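Chemist: Please see the structure below; I have some questions.
The values are calculated or read from the model by the stated rules, or taken from the named source; none is laboratory data. Keep in mind that this is a model prediction, so the values were computed, not measured. With ideal geometry, Cβ positions are generated from the backbone for all residues, glycine too; neighbour counts draw on all protein chains shown.
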Amino acid sequence: MTGNGPFEIPDHVQGAVTPLSQTLVTNRRGSTVWDVRTPTGRAAVKLGYPSQTHSWTALAPAREATILRQLIDPEEVLFGEWEKGTWSAQPWQEGQSLYALWEPHRQANGPAAPSIGEALSCAAALANLHERGWVHGDVQPNHLVIGPARTALIDLGLAQGGEIPEIYDFEYRGCLVHYEAPEISQSVLASGTAVPTKEADVYALGASLFISATGRRHVPYPDDADRKDQRQAIVDKPHRLINLPGTLGTVVKEMMRRYPADRPTIQEVCENLDLAAA
């Protein structure tokens, strides 16, 4: 059963979460997300449902919840099923997305050099996930939330690295194409699926830093190109010239090397950015 949403929080989910107030955050690609204030704090409540192009989106909230329960206090994460798919509730992450925070750098008269410290905080969040044995699989600017105390890497619905209940699992079919590494795009074109890797995460973070600072995708293709054509462009074309100033530009260029083995690890990225920030 598909639908366009946004969907209201079902009664049985409200009974579990006990909202005092709720604000719609987003509704797209098979997911309705609410910012909910509860007696114990603030939560992100996600309702997954089949989109017009994918059925797996209905399972994504529960899949993400089972991953989060392996990374944070399990009692802070709730999940279950509703009539169109699965739902989850998890702690709200305070802050701005990388893309929103770096908006001034995309303006004609804005500051030229993005913050090395903010870039480092994004890399550190990814490094923490990798060190715990997980691959994110969907690194993008809106999944990097830079807050007053920490930077959080959110939306782990496509992550791999631990036990996932079979009833909530699904094959990895790539991520948002604007940030896909060439080898991921090539695999999806060839077989419909791919294997997310740490190397592809590093590439995606580089592409995320680049687009957030410049407003340009890592590979040029028409805005109205379908996903197959977008992926073919990523496979066939070199990425755009990395023209970010200073150390950040040098590091991002290395992160976006075409061949996975040539890219630095995320720990090496952190070390280089940390030296520049000192």
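Listed here are the residues, each with its yes/no results for (1) part of a helix (DSSP H, G or I); (2) crowded, with 18+ Cβ neighbours inside 10 Å.
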site	(1), (2)
15	yes, no
22	no, no
27	no, no
32	no, yes
44	no, yes
54	no, no
57	yes, yes
61	yes, yes
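Chemist: In addition: Check off (1) in contact (Cβ under 8 Å) with a residue 24 or more places away in the chain; (2) surrounded by 15 or more Cβ atoms within 10 Å (Cβ to Cβ) for residue 268 and give me the number that stays unchecked.
Modeler: In the conditions (1) in contact (Cβ under 8 Å) with a residue 24 or more places away in the chain; (2) surrounded by 15 or more Cβ atoms within 10 Å (Cβ to Cβ), residue 268 misses (1) alone.
Chemist: Return the residues of region 169-202 that are touching a strand residue (DSSP E or B) at 6+ places or on another chain (Cβ under 7 Å) and crowded, with 22+ Cβ neighbours inside 10 Å; say none if nothing qualifies.
Modeler: 196, 201
Chemist: Then there is this: Based on what the data block shows, is residue 53 β-branched (Val, Ile, Thr), at pLDDT below 95 and closer than 25 Å to residue 20 by Cβ?
Modeler: The answer is no for residue 53.
Chemist: Only one residue in 135, 139 is among the β-branched types (Val, Ile, Thr), buried (at least 23 other Cβ atoms within 10 Å of the Cβ) and in contact (Cβ under 8 Å) with a residue 60 or more places away in the chain, so which one is that?
Modeler: Only one candidate qualifies: 139.
Chemist: Restricting the search to region 1-40, which residues are charged (D, E, K, R) and farther than 20 Å from residue 142 by Cα?
Modeler: 8, 11, 37
Chemist: Let me ask another. Of everything in region 100-129 that's assigned to a helix (DSSP H, G or I) and in contact with a Gly (Cβ under 9 Å, 6 or more places away or on another chain), which residue is surrounded by the fewest Cβ atoms within 10 Å (Cβ to Cβ)?
Modeler: Ranking the candidates gives 104 first.
Chemist: Pairs please, first residue from region 57-70 and farther than 19 Å from residue 83 by Cβ and among the hydrophobic types (A, V, I, L, M, F, W, C), second anywhere and in a loop (DSSP other than H, G, I, E, B) and at pLDDT 95 or above, Cβ atoms under 9 Å, 6+ apart in sequence or on different chains.
Modeler: From region 57-70, the pairs are 67/134; 67/156; 67/157; 67/159; 67/161; 67/164; 68/77; 68/156.
Chemist: Determine whether region 8-23 contains at least one residue that is over 24 Å from residue 171 (Cβ atoms), among the aliphatic types (A, V, I, L, M), at pLDDT 95 or above and touching a Ser or Thr at 6+ places or on another chain (Cβ under 8 Å).
Modeler: Yes, the conditions are met somewhere in region 8-23.
Chemist: Related question: Tally up the residues in region 63-85 that are in a helix (DSSP H, G or I), buried (at least 17 other Cβ atoms within 10 Å of the Cβ) and not small (Gly, Ala, Ser), please.
Modeler: 5
Chemist: Can you name the number of the only condition in (1) in contact (Cβ under 8 Å) with a residue 60 or more places away in the chain; (2) closer than 23 Å to residue 97 by Cβ; (3) in contact with a helix residue (DSSP H, G or I) (Cβ under 6 Å, 6 or more places away or on another chain) that residue 153 fails?
Modeler: Single failed check for residue 153: (1).
Chemist: Same structure again: Can you confirm whether region 216-229 contains a residue that is in a helix (DSSP H, G or I), loosely packed, with under 15 Cβ neighbours inside 10 Å, assigned by TED's automatic domain parsing to the domain that holds residue 135 and without any contact (Cβ under 8 Å) to a residue 12 or more places away in the chain?
Modeler: yes
Chemist: I've got another one for you. Return the residues of region 197-234 that are modelled with pLDDT of 95 or more and over 21 Å from the mean Cα position of the chain (by Cα); say none if nothing qualifies.
Modeler: 229, 232, 233
Chemist: Across region 159-180, what is the total count of residues that are under 30 Å from residue 258 (Cα atoms), of a type in the set (A, V, I, L, M, F, W, C) and not in a helix (DSSP H, G or I)?
Modeler: So the count comes out to 4.
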